[in-house]
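The structure appears below as structure tokens.
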Amino acid sequence: LLYYYLKEQLNITIKEELMFCTLICCMDGRFIHLANEYIRKNYIYTYVDTITDAGPVSKIVNEKYLHDVEDKIVLISINKHKSDHIFVAGHSDCAGCPIDDDKQKQYIKEAVEIIHRDLNNVRTTGFFIYINGEIEIINDL
């Protein structure tokens, strides 16, 4: 919001390279747009590098997913686009991680902790999206 105020009201230009963040979320089309819109509305980012897979939070927690595959993509976002914030999102009724909402939230919390441990200079936030579109922040490191 501050970005848009400065840009429109004060005619100040902010470097685009400072406007990227990274989102790791499920591929479910019901939720991707909600996650992107939430980030753009509530944080200063213009561009959201979106990395999708079926139920990625369970893979980050249980399969060392970031070390095997996604770390290369995440690092491209951080190094090339200068992303300084990684968001991890999970949601209700996930086919890729078919567990109850409370367990899904626990996986989000653990995934954020793992990512923040490995990339401690990058802010990391986890959130959960309910079937009705409501979003709950799980943790912010």
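The values are calculated or read from the model by the stated rules, or taken from the named source; none is laboratory data. The structure displayed is predicted, hence computed values, not measured ones. Cβ coordinates were reconstructed from backbone atoms using ideal geometry, including for glycine residues, and neighbour counts include every protein chain displayed. We work out accessible area using only protein heavy atoms, side chains counted, and drop any ligands, DNA or RNA first. Shrake-Rupley method; radii C 1.70, N 1.55, O 1.52, S 1.80 Å.
Annotations for the structure displayed:
Each row is one residue, and each column tells you yes or no for (1) touching a Leu at 6+ places or on another chain (Cβ under 9 Å); (2) open to solvent by 60 Å² or more (accessible area, probe 1.4 Å); (3) within 18 Å of Ala35 (Cα to Cα).
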position: Ile86; (1), (2), (3): yes, no, yes
position: His91; (1), (2), (3): yes, no, yes
position: Ala95; (1), (2), (3): no, yes, yes
position: Gln104; (1), (2), (3): no, no, yes
position: Ile114; (1), (2), (3): yes, no, no
position: Ile129; (1), (2), (3): yes, no, yes
position: Asn132; (1), (2), (3): no, yes, yes
position: Ile135; (1), (2), (3): yes, no, yes
position: Asn139; (1), (2), (3): no, no, yes
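- When Asn36, Asn139 are checked against the criterion of being at pLDDT 95 or above, within 11 Å of the chain's Cα centre (by Cα) and not small (Gly, Ala, Ser), Asn36 stands alone in meeting it.
Here's the yes/no breakdown for (1) acidic (Asp, Glu); (2) assigned to a loop (DSSP other than H, G, I, E, B); (3) in contact with a helix residue (DSSP H, G or I) (Cβ under 9 Å, 6 or more places away or on another chain); (4) closer than 19 Å to Lys64 by Cα:
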position	(1), (2), (3), (4)
Ile86	no, no, yes, yes
Ala89	no, no, yes, yes
Asp102	yes, no, no, no
Glu110	yes, no, yes, yes
Ile114	no, no, yes, yes
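- Exclusive hit being over 20 Å from Gly29 (Cβ atoms), in contact with a strand residue (DSSP E or B) (Cβ under 7 Å, 6 or more places away or on another chain) and either open to solvent by 20 Å² or more (accessible area, probe 1.4 Å) or in a helix (DSSP H, G or I) (or both), set Val57, Val61, Val74: Val74
- Selected residue [modelled with pLDDT under 90, within 22 Å of Ile137 (Cα to Cα) and crowded, with 19+ Cβ neighbours inside 10 Å] from Leu2, Leu66: Leu66
- Taking first residues from segment 33-50 that are closer than 11 Å to His81 by Cβ and open to solvent by less than 60 Å² (accessible area, probe 1.4 Å) and partners that are among the basic types (Lys, Arg) and modelled with pLDDT of 95 or more, no Cβ contact under 8 Å between residues at least 6 apart in sequence or on separate chains turns up.
- Within segment 94-112, the residues that satisfy the criterion of being more than 22 Å from Tyr45 (Cα to Cα) and either in contact (Cβ under 8 Å) with a residue 60 or more places away in the chain or among the β-branched types (Val, Ile, Thr) (or both) are Cys94, Ala95, Gly96, Cys97, Ile99.
- Residue match in segment 116-129 (condition: assigned to a helix (DSSP H, G or I) and not basic (Lys, Arg)): yes
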